[in-house]
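Chemist: My questions all concern the structure below.
The values are calculated or read from the model by the stated rules, or taken from the named source; none is laboratory data. Bear in mind that the values here come from a model prediction, so they are computed numbers and not experimental data. Note that we place each Cβ from the backbone using ideal geometry, even for glycine, and neighbour counts take in every protein chain shown.
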Amino acid sequence: MSLLTVTGLGKSFGGNRAVDAVNFSVARGELLALIGPNGAGKSTTFNMVNGQLKADAGSIRLDGQELIGRKPREIWKLGVGRTFQIAETFASLTVIENVQMALISADARLYSMWRRASSYRRDDAMELLRQVGMGPQAERPCSVLAYGDVKRVELAIALANRPKLLLMDEPTAGMAPQERQALMALTKRLVVERGLAVLFTEHSMDVVFAYADRLIVLARGRLIASGPPAAIRDDPQVQSVYFGSGKTFEKPKELG
């Protein structure tokens, strides 16, 4: 059964139809990749699901509840987490304090700006950090972390409200190949363990074909293909949109 169901989604900017009658769904325990060339409408679609943009037409339902017309904070409270292309953390706080701040927000608690969050749900924050492999670095300031580790902290923050659906915008952007593989392998494990649904955009085709359960492909605002990685890789229309005639996607390298 689908957790997220998108039907007839549309958005225009002036005379430009950025997203045109797009339909797709995401099931619990599934990683769905949203791909397409530049200008395909990926970011617009993504931001409508998150509530940052309001759709002109269509429906976005999470567990049967309509999301269109709701603010991002309301959508977050319904169980939608998000990570961003450029990781967002408080650089001046420690790793664990960043996660504790997310837990405070999830619990709708108000803290004085002079009061440190260092005692708030510390065990829960540590458990989240252990799940993403950042437990040993809990007391380090985020400002000194490698970028791949900052991405892991951001993932822990996104999990603080126990989301049903996780939106990941270019999760491996700016990361080295080994870091990309590690982060997506971690995400895949969390999907299985937690029964999460994940919708992600990604430019690295190695990541997409290695980790996505299913792909949807946009071109000029329209959905042109949907299916498992092998079928999408061999789809002539997808090949044409990405490369023109005569070229194909390379099969992903074995990941260790």
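Chemist: Tell me, which residue of segment 196-216 that is touching a Leu at 6+ places or on another chain (Cβ under 6 Å) and among the charged types (D, E, K, R) is farthest from Gly36 (Cα to Cα)?
Modeler: Asp213
Chemist: So, one more: Mind checking which residues of segment 6-41 are within 20 Å of Glu170 (Cα to Cα) and more than 20 Å from the chain's Cα centre (by Cα)?
Modeler: Within segment 6-41, just Ala18 meets the criteria.
Chemist: Assess whether Pro163 counts as being in contact with a Leu (Cβ under 8 Å, 6 or more places away or on another chain) and under 18 Å from Ile86 (Cβ atoms).
Modeler: Details: in contact with a Leu (Cβ under 8 Å, 6 or more places away or on another chain): yes; under 18 Å from Ile86 (Cβ atoms): no.
Judged against the criteria, Pro163 is not a match.
One line per residue, one yes/no per condition, for (1) among the small types (Gly, Ala, Ser); (2) assigned by TED's automatic domain parsing to the domain that holds Ile68; (3) surrounded by 15 or more Cβ atoms within 10 Å (Cβ to Cβ):
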{"residue": "Met1", "(1), (2), (3)": "no, yes, no"}
{"residue": "Val6", "(1), (2), (3)": "no, yes, yes"}
{"residue": "Gly10", "(1), (2), (3)": "yes, yes, yes"}
{"residue": "Asn16", "(1), (2), (3)": "no, yes, no"}
{"residue": "Ser25", "(1), (2), (3)": "yes, yes, yes"}
{"residue": "Leu31", "(1), (2), (3)": "no, yes, yes"}
{"residue": "Ala40", "(1), (2), (3)": "yes, yes, yes"}
{"residue": "Phe46", "(1), (2), (3)": "no, yes, yes"}
{"residue": "Val49", "(1), (2), (3)": "no, yes, yes"}
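Chemist: Across segment 205-234, which residue is farthest from the chain's Cα centre (by Cα) among those that are crowded, with 19+ Cβ neighbours inside 10 Å and assigned to a loop (DSSP other than H, G, I, E, B)?
Modeler: It comes out as Gly221.
Chemist: Between Leu218, Leu159, which is over 27 Å from Ser92 (Cβ atoms) and in contact (Cβ under 8 Å) with a residue 60 or more places away in the chain? So that I can check it myself, show each step before the final result.
Modeler: Numbers: Leu159 fails: over 27 Å from Ser92 (Cβ atoms).
Exactly one of Leu218, Leu159 is over 27 Å from Ser92 (Cβ atoms) and in contact (Cβ under 8 Å) with a residue 60 or more places away in the chain, namely Leu218.
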